[in-house]
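Okay, so here's the structure we're looking at.
The values are calculated or read from the model by the stated rules, or taken from the named source; none is laboratory data. Every value quoted in this text rests on a predicted model; they were computed, and no experiment measured them. Cβ: placed from backbone, ideal geometry, glycine included. Neighbour counts: every protein chain shown. These area figures cover heavy atoms from the full protein model, side chains too; ligands, DNA and RNA do not enter into them. Shrake-Rupley method; radii C 1.70, N 1.55, O 1.52, S 1.80 Å.
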Amino acid sequence: QVIKCKAAVMWEANKPFSIEEVEVAPPKAHEVRIKIMATGICRSDDHVVTGALVMPFPIILGHEAAGVVESVGQGVTSFKPGDKVIPLFVPQCGECKSCLNTKGNLCSKNDIAAAAGLMPDGTTRFTCKGKVIHHFIGTSTFTEYTVVHEFSVAKIDDAAPLEKVCLIGCGFSTGYGAAVQTAKVEPGSTCAVFGLGGVGLSVVMGCKAAGASRIIAVDINSDKFAKAKELGATDCVNPKDFKKPIHEVLIEMTGHGVDYSFEVIGRTETMTAALACCQYNYGVSVIVGVPPAAQKITFDPMLLFTGRTWKGSVFGGWKSKDSVPRLVADYMKKKFVLDPLITHTLPFTKINEGFDLLRTGK
C-alpha cells in the first residue's frame with residue numbers, strides 16, 4: 001500500500017522547508033518502512049540547505065531519528081511491524097572491506113560521498129506533486145513515514161523513549177564515539193573540543209567518560225559554556241577574547257598542547273587550528289564536523305612530520321547495526337544522559353523554526 005503523509009520537502013537550496021503531502025511507496029525486497037516518531041535537527045541537514053554538503057534536490061532531509069516499523073519487504077527476517085528502530089545513515093552490510101575490518105565502520109553501501117540520493121537499487125520511494133523526491137543518506141527522517149534498506153536500520157529496546165534515543169541516531173553517538181572509539185582518549189589526558197553544539201557536547205561527555213583530566217571547550221558563543229561545564233568541560237575558551245590565534249592560546253594553557261583535539265564544526269580554519277593545538281609529537285586531532293564542499297586545506301606539513309596524528313571520524317567510529325542497540329541499552333542503564341542535549345521540542349510542522357534556533361545557536 002502507498003502511504004500518503006506529511007513530509008518536510010526541500011525543493012531547492014537556501015529556501016525554507018515546505019510541509020507537503022507525499023506518497024511513500026511500500027518497501028521492496030530487503031527494505032523496511034518506518035513510522036518516524038521523533039527526529040532531531042542536525043547541522044549536517046543545514047549544510048545541505050546552504051550547499052556546504054552537496055546533494056540532489058528536491059530532497060527529504062533528516063537522519064537522526066527513531067520510529068516504529070510499519071511494514072517490511074520481501075526477505076526481511078530481522079524486523080517485524082511494531083519493532084522500535086533507529087535508522088542508520090552509516091549502514092552496516094557486513095560484507096564490504098570496512099564492515100569486515102575491526103578498524104573500520106564506514107560501510108561501502110553508504111551514500112555520504114556518492115550523494116546519489118537514492119535507495120541502493122537506484123530508485124526512490126518518495127513522490128510529491130508528481131515529482132520524484134530524493135532520499136538523504138539512506139534515511140530521510142523529516143517525514144511521517146520513510147523507507148530504508150534493512151542494512152540501514154537497527155532494532156532497539158522496546159522500552160526506550162524514542163523522543164530521547166533518536167539522538168543516538170547521530171549527534172550523541174558521533175560525538176561520544178569520536179572520543180572513546182576514534183581517539184581512544186586515555187585517563188588523565190588533556191582534550192580540546194572545538195564547537196559546542198549537540199555533537200561537540202557529546203564529545204565532551206565522551207572525554208569525561210574516558211577519564212580525561214582536563215577538557216577545554218572552545219566556541220565563539222559563550223552562551224554555550226554553562227552546559228559544556230555541566231557535562232564535564234573544565235575550561236571554556238572564546239577565541240574572540242584573544243588577540244593571538246587560538247592554537248597558541250591552548251598551547252600556553254597546557255604548556256605543550258593537548259593530547260587530543262576534536263573539530264566539531266566543519267570549518268577548514270578550525271580543523272588546522274585543532275591540529276596545531278595538539279602536542280607536536282604524539283597529539284591526536286580528530287575531524288568530526290562535515291568538511292565544506294569545494295574547500296581545500298593548506299597547512300605546514302611539519303605539523304605532521306613531528307609525529308601528530310590527524311584522523312577523521314564518521315558516526316563516532318561505531319559499527320552502526322552492532323553498536324546502536326548497545327548504546328540504547330547503555331542509555332537505559334543510565335550510563336550516560338541525553339536530556340541536556342535536548343534544548344527544544346517542537347511539533348513537526350514547526351521544522352523551519354527549529355532550523356532558525358539551530359542557526360542562531362540556541
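Under the rule a/c < 1.5 gives rounded, and otherwise a/b versus b/c splits prolate from oblate, where does region 183-312 land using the Cα gyration tensor? Let's see the in-between values first.
Details: a/c = 1.38, a/b = 1.19, b/c = 1.16.
Rounded, because the longest to shortest axis ratio a/c is under 1.5.
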If I take all pairs of Cα atoms in the chain, what percentage of them are more than 28 Å from each other?
42
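Solvent-accessible area per residue for the chain at a 1.4 Å probe radius, Å²? Don't jump to the answer; show the numbers that get you there.
Values: 15690 Å² over 362 residues.
Ligands and nucleic acids excluded, the result is 43 Å² per residue.
Kindly give the semi-axes, whole Å and largest first, of the ellipsoid equivalent to region 103-184, taking each as the square root of 5 times a Cα gyration tensor eigenvalue. Walk me through the numbers on the way to the answer.
Working: eigenvalues 136, 65, 24 Å².
Working from the Cα gyration tensor, I get semi-axes of 26, 18, 11 Å.
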Distance histogram in 5 Å bins (all Cα pairs of region 275-355, percent per bin)
3, 10, 12, 12, 15, 16, 13, 10, 6, 2, 0
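What is the ratio of the Cα radius of gyration of region 227-294 to 2.2 N^0.38 Å, where N is its residue count, to two decimals?
Expressed relative to 2.2 N^0.38 Å, the Cα Rg reads 1.13.
Across the chain, where is the longest run that never hits GluC sites (Glu not before Pro) in a DSSP loop with at most 13 other C-beta atoms within 10 Å? Please report the intermediate quantities before stating the final value.
On the way: sites that count: GLU12, GLU95.
No qualifying site falls inside 96-362, the longest such stretch.
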Please check which bits of region 310-337 a label hung off ASP157 would reach, taking the label as a point 7 Å along Cα-to-C-beta and the cut-off as backbone N under 16 Å.
323-337
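First measure r as the distance between the Cβ atoms of LYS362 and THR309, then evaluate 1/(1 + (r/R0)^6) with R0 = 41 Å and state the FRET efficiency to the nearest 0.05. Write down the numbers at each step before the final one.
Details: r = 35 Å, r/R0 = 0.85.
The pair LYS362/THR309 has a calculated efficiency of 0.75.
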Using the Cβ atoms and a cut-off under 12 Å, what net charge is assigned to the surroundings of HIS135, where Lys and Arg are +1 and Asp and Glu are -1?
-2
Ignoring ligands, DNA and RNA, what percent of the 1.4 Å accessible area of region 183-312 is carbon and sulfur?
56
With θ set to phi - 60°, apply the Karplus curve 6.51 cos²θ - 1.76 cosθ + 1.60 along region 88-101 and write out the HN-Hα couplings as whole Hz, x wherever there is a Gly or Pro.
10, 6, 9, x, 9, 6, x, 10, 7, 3, 5, 5, 7, 9
antiparallel share of DSSP beta bridges within the chain, to nearest 5, in %, is 60
What chymotrypsin sites (Phe, Trp or Tyr not before Pro) does region 1-84 have in DSSP loop regions with at most 16 other beta carbons within 10 Å?
TRP11
